[in-house]
Structure formats: C-alpha cells, structure tokens
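The values are calculated or read from the model by the stated rules, or taken from the named source; none is laboratory data. Not measured: the values here are computed from a predicted model. Glycine also receives a Cβ, built like all others from the backbone with ideal geometry; neighbour counts cover every protein chain displayed.
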Amino acid sequence: MNLNTLDYTNEQLNKLIRNSSDSVVLDNCLGQRFIGAGLSDKTIVVNGTPGNALGSYLNGATVVVNGNAQDAVGDTMNEGQIIIHGNSGDATGYAMRGGKIYVKGNAGYRAGIHMKAYKEKLPVMIIGGRCGSFLGEYLAGGIIIVLGLNDDGKKIVGNFPCTGMHGGKVFLKKTADAIDFPSQVNVHDADKTDMEEISVYLKEYCKAFDLDIQKIMDTQFVVITPNSANPYKRMYVEN
Amino acid sequence: MQLKEGQIRIPSGCAVSAVISKSGKRMSGESIVKSMVPMHERSNGLGGGFAGYGIYPEYKDFYAFHFFFDNKAVKHECEVYLKESFEIVKSEPLPTRKIPSIVDEPIIYRYFLSPLRSALASYQLDEREFVARTAMHINTFIKGAYVVSCGKNMGVFKAVGFPEDVGNFYRLEEYEGYSWTAHGRYPTNTPGWWGGAHPFALLDYSIVHNGEISSYDANRRFIEMYGYKCNLQTDTEVITYIADYLLRKQGLNLDELANVIAAPFWSTIAKKCPEEKERLTYLRTVYSSLLITGPFSIILGFEGGLMALNDRLKLRSMVVGEKNDKVYVASEECAIRVMQPDIDNIYSPEGGEAIIVKVEEGKY
C-alpha cells in the first residue's frame with residue numbers, strides 16, 4: 001500500500017499504517033511522528049524525513065527509511081528492525097531493549113542511552129559514521145557498534161562516552177582520536193572472539209547497505225565493557 | 001481572572017525555526033510560518049511568535065516599537081510618557097486578520113519613534129541605552145502596557161495560539177525581511193499569555209528559546225544589578241537581557257557570548273591549548289553568574305545576523321541546513337525541508353557550538 005503522507009494528519013496516517021494488512025510505503029514523509037509505533041508485523045518504507053520517535057515500542061516490524069531520521073528513533077523498542085539510509089538524530093535507540101537499529105550515516109547525541117538486555121532479548125545498534133557525545137550513557141545491556149566510516153574528519157565519538165555504563169558492550173573503530181572514557185569502564189582491543197560475537201550483525205548491516213563485510217571485519221575495533229570492579233554496580237539494583 | 005506568569009506555576013517543550021539570507025535578500029514571512037506546521041505537536045497553542053529583520057526599510061532610521069495594551073486608558077498613559085522624550089514619527093494599529101483561532105487580543109499598536117535630542121542630552125545617555133531604559137521603564141511601571149519589541153528595522157509578532165495561526169493573524173506574508181525567527185510555545189512552568197510568548201526582544205536583540213533554564217534565578221539576580229528588570233518571570237526574558245548586557249554593554253563578541261552562557265565543562269577546558277584555556281577560563285570566571293544551565297536551544301536574532309546555540313549538554317534538538325545564500329535553523333529537520341526541500345548541507349551543531357550567520361556588510 002502506498003500512502004502520500006501529505007494527504008493525511010499524523011493520527012490518520014498512523015491509523016492507516018496500523019490497520020493495513022500489507023506492507024506500507026510512505027511517500028513525501030515530512031516530520032510525522034510515531035511512525036510504526038508498537039507494530040509487530042509488516043514492513044514500512046519511509047521516503048522522506050520521518051518525525052520524532054520513529055518505531056517507538058516497535059515489536060517486530062521492519063522500518064526502512066530512505067532519508068534522515070530525527071530524534072528518539074526506536075525509543076523503547078522491543079523487537080524488529082529499523083534501517084536508516086541516512087543520519088539519525090539525538091537519543092537513537094533510547095532505552096531500547098530488543099531488536100536492531102542500523103544507521104548508514106551518523107547518529108546524534110546520547111545514542112543508545114540506557115539500552116538494556118534481558119534473558120533472550122539483546123538489542124543491537126550499528127552506526128556507520130560517528131556519534132555525538134554521551135554515546136551509551138547508562139548502558140545496561142546490548143551491543144552498540146560505531147564503524148567510523150565517516151570521512152568528514154570529525155572524531156568518531158564526542159565527549160563523555162559510556163558515562164554510567166554498567167552493562168552491555170560498545171565497539172568503536174580504533175582511531176587516533178583522543179577519547180576519554182570514565183574510570184568505571186574497561187577498554188581493550190577487540191580480539192577474534194569479540195569479532196565473532198558481532199559478525200552476524202555486521203553481515204546483516206553490510207547486506208542492508210551494500211558494503212564490503214571483509215573490509216569491516218578487518219578493521220581494528222576497541223571494546224568497552226563495564227569495569228568488573230565497577231563502582232556503578234552498587235548504585236543499581238542487582239538483577 | 002486569568003492568572004499571569006509568576007502568579008501561578010504549572011509543573012508540566014517548544015519549537016524554534018529561522019531563516020536568513022547572507023546576501024540580504026528579503027523574503028516574505030510566508031515560508032517561516034509554514035516551517036512551523038510539521039512541528040505543530042511541539043507547541044500546545046499557548047504561544048507562538050516571530051521576529052522579522054529588515055521589515056521596515058522605509059522607517060529604518062527610527063525605533064519600531066510594537067506594543068500590547070490592556071486597554072485604551074493605558075495606551076493613552078503610555079503615549080503621554082513617550083511624547084516626553086520621543087518624536088512619534090508614525091503610530092498605527094498593527095495590521096491583523098480576525099481568525100477564530102486567535103482570540104482575546106490586547107490593543108496591538110506600533111510606533112516609529114525618534115528620541116528627542118534634548119531628552120538624550122538631559123539624561124546624558126546614548127540613544128540605544130535610552131531606548132532600552134524606556135522599554136524597561138514601561139514594562140515595569142506602566143501597568144498593562146508591554147513593549148513587545150523596540151529595535152530598528154525589525155519587529156516581533158507574538159500571540160497566544162499556535163504559531164501558524166499567529167503568523168496568519170499578523171499577516172506576515174505581507175512583510176519582507178532578510179532574516180526571520182519563529183517560536184511555538186509549550187509553557188512548562190507558567191500559563192500562556194500574550195506578553196509571555198516568544199520572541200523576547202530588547203533593541204534589535206531577540207530570542208526564541210526551546211527549553212527550561214535551571215539557572216534562571218541566579219542569572220536574574222546578576223542581571224538585575226545592571227538595570228534590567230525581569231518582569232515577565234519567564235526564563236527566556238533573562239536570556240535576552242544577558243545577550244544585550246554582554247554584547248552591547250560589555251562589548252563581547254558572539255563567540256564569547258556563547259562561551260559564557262554555554263561555557264564548556266572545566267574538564268573540556270583543561271584539554272584546550274594554553275591560549276584557549278586562558279580565554280575560556282577568563283570568561284567562565286568573570287561571568288560565572290551568566291552561565292545558563294539546563295536544557296536550551298536558542299536563536300538570537302540581531303541587526304544583520306543570527307546566532308543559534310544549544311546548551312553544552314545538548315539537551316534540546318537543533319538542526320542547521322544551508323542552500324545558496326540562505327541558512328536555515330530549526331528544532332527539526334522537517335521544518336527546514338518545508339522551507340527548502342532541496343537542502344544541501346544539513347547537520348546538528350554540537351552542544352555549546354555557536355552557529356553564527358551574518359549578512360554581508362552593506363546588504364541590510
């Protein structure tokens with residue numbers, strides 16, 4: 001089903017998407033919010049610039065954006081896939097607890113803030129370019145990978161990455177950038193086991209954006225994990 | 001009786017947008033009004049407003065005062081006060097359009113004023129200081145009269161309502177300016193009323209603001225020592241006065257203003273080269289009470305340019321786009337794409353990174 005987003009109000013649009021038994025293509029999208037919120041089936045293709053909270057609470061559906069996404073992509077998403085052929089805004093993957101977000105370009109501030117994992121749920125976010133400050137802030141679980149494929153000469157990540165991180169793993173392409181991590185995390189060069197852990201996601205990512213998987217697998221990454229003598233841990237409830 | 005700002009606190013977001021032509025080409029207000037439409041949900045109908053620069057070329061040598069009056073009596077009282085020290089070159093109701101979505105409007109008037117030489121001489125003040133003090137006096141002492149803006153060749157148009165309706169109400173499509181800023185309000189702590197809508201302006205400085213500054217009282221206490229009066233008890237007002245104080249009175253440049261109000265963290269300053277470290281330390285130390293904390297994205301308009309700035313933690317969104325001689329700023333990318341679907345360069349500035357755009361000298 002093809003919908004020209006200009007013909008509907010935000011509410012009508014989301015109702016049409018929700019009630020469609022078929023996949024949906026949205027043309028001329030311009031700032032409509034909550035697209036795909038809570039959906040568990042079908043594929044939504046967005047042509048244009050979707051509004052904030054794209055795919056929030058997503059529960060299994062697939063959202064593909066041909067353009068840039070705004071803030072809070074995949075807010076609290078539970079399952080499914082969001083693929084963005086552009087950049088995404090601040091707080092991408094905010095409190096995400098399952099599913100995958102793949103961004104071809106850059107992400108804004110606070111990417112993956114408070115992502116978490118539980119039992120079989122493991123959220124994964126891959127950013128092709130670079131990220132703003134506070135990447136993985138309060139990270140509690142899941143995997144964030146930043147590939148650093150950007151060529152604008154800017155640092156792969158802004159200030160204060162992994163602040164408050166007490167779970168999960170962050171992979172950053174190893175660069176010459178001076179990055180200050182808090183003392184509550186450990187940083188080590190990715191080894192074979194680390195790369196094996198993420199290879200399945202990287203393959204999926206490369207397929208989505210037509211990239212050379214081998215080139216990425218050959219890249220040296222650093223891995224950030226919570227410090228085992230982690231003082232943050234005592235600040236949160238054991239579970 | 002409806003309580004005004006400061007008389008009630010509602011514990012409970014906003015939208016900003018701007019466009020400027022670096023070559024000074026004048027644009028109708030239609031496009032900036034339209035840019036607010038996709039960001040409708042960021043406001044709640046309790047305030048919308050616009051500032052236009054370069055809109056009064058035929059009166060550019062005079063201070064354009066936009067006023068709200070609660071009633072005719074206070075209008076008369078205010079005019080008597082103005083005539084003591086100004087020549088009123090022209091006075092007229094601000095043209096508006098009756099629409100169902102904008103109601104309860106005050107008396108809305110504009111005056112083009114020229115300060116009397118004799119008044120300036122007797123007060124021993126330069127013209128701009130005199131005009132600023134006049135605005136401050138009216139807002140403080142003439143109850144029911146509000147100076148909405150008082151700069152040259154610019155004006156602020158604001159109301160209670162959604163921004164797109166406010167633009168329609170003020171017939172902004174009939175004006176042409178080289179720079180426009182816009183605001184949609186979602187008041188978080190105070191009720192919405194006409195005087196409390198953005199932009200807030202003093203002389204040619206105007207501010208639109210999305211956020212909530214937690215340093216308001218610290219900033220207010222400092223700025224009130226220098227003759228400013230925060231009458232509207234809303235945080236944005238103080239940002240306007242800080243800009244006026246630092247730029248006009250202290251002679252700081254725009255980058256320095258940004259380094260004061262969105263000062264980098266000490267840990268960030270520590271990593272800078274010695275000269276930069278010294279400069280930033282100086283600004284943070286001397287003007288420590290003017291550090292603005294809490295979330296904000298602001299657009300400062302001024303004669304011949306604008307500056308966009310996020311708080312240092314970037315707790316509010318802001319996107320910048322460029323195309324030919326125009327620069328666009330907005331809370332959301334979609335707003336920029338309404339004004340220019342075929343945008344070239346679109347990016348998000350970092351927290352505390354000032355985006356300064358100036359019109360070529362002599363083109364405004």
Please state which of the following conditions A:G136 fails to meet, knowing it meets all the rest: (1) of a type in the set (G, A, S); (2) farther than 15 Å from A:F171 by Cα; (3) out of contact with any helix residue (DSSP H, G or I) (no Cβ under 7 Å at 6 or more places or on another chain).
-> (2)
Can you give me the number of residues within region A:76-92 that are away from chain B (no Cβ under 14 Å), assigned to a loop (DSSP other than H, G, I, E, B) and buried (at least 24 other Cβ atoms within 10 Å of the Cβ)?
-> 1
In contact with a helix residue (DSSP H, G or I) (Cβ under 8 Å, 6 or more places away or on another chain) and either modelled with pLDDT under 95 or over 18 Å from B:A182 (Cα atoms) (or both), is that true of B:Y63?
-> yes
The residue that is farthest from A:V185 (Cα to Cα), considering only those in region A:93-106 that are touching a Lys or Arg at 6+ places or on another chain (Cβ under 8 Å) and within 14 Å of chain B (Cβ to nearest Cβ), is A:N106
Output the qualifying pairs, or none if there are none: Cβ atoms under 7 angstrom, residues six or more apart or on different chains, first residue in region B:39-50 and within 14 Å of chain A (Cβ to nearest Cβ) and over 10 Å from B:E164 (Cα atoms), second residue assigned to a strand (DSSP E or B) and not small (G, A, S).
-> B:R42/B:C14; B:S43/B:C14; B:S43/B:R185
Tally the residues that are more than 12 Å from every other protein chain (Cβ to nearest Cβ) and either surrounded by fewer than 20 Cβ atoms within 10 Å (Cβ to Cβ) or in contact with an Asp or Glu (Cβ under 8 Å, 6 or more places away or on another chain) (or both), restricting the search to region A:56-75.
-> 8
Which one of these is at pLDDT 95 or above and surrounded by fewer than 20 Cβ atoms within 10 Å (Cβ to Cβ): A:G136, A:G132, A:G141?
-> A:G141
Return only the number of the condition from (1) out of contact with any helix residue (DSSP H, G or I) (no Cβ under 9 Å at 6 or more places or on another chain); (2) within 13 Å of chain B (Cβ to nearest Cβ); (3) within 21 Å of B:Y347 (Cα to Cα); (4) not charged (D, E, K, R) that A:I156 does not satisfy.
-> (2)
Just give me the residues in region A:112-133 being within 14 Å of another protein chain (Cβ to nearest Cβ) and either in contact with a helix residue (DSSP H, G or I) (Cβ under 8 Å, 6 or more places away or on another chain) or assigned to a loop (DSSP other than H, G, I, E, B) (or both), in sequence order.
-> A:I113, A:G129, A:R130, A:G132, A:S133
Mind listing whichever residues of region B:94-107 are more than 20 Å from B:D61 (Cα to Cα) and touching a strand residue (DSSP E or B) at 6+ places or on another chain (Cβ under 6 Å)?
-> B:I102, B:P106, B:I107
Residues of region B:270-328 that turn out to be away from every other protein chain (no Cβ under 14 Å), under 30 Å from B:Y56 (Cβ atoms) and in a loop (DSSP other than H, G, I, E, B), as a count | 4
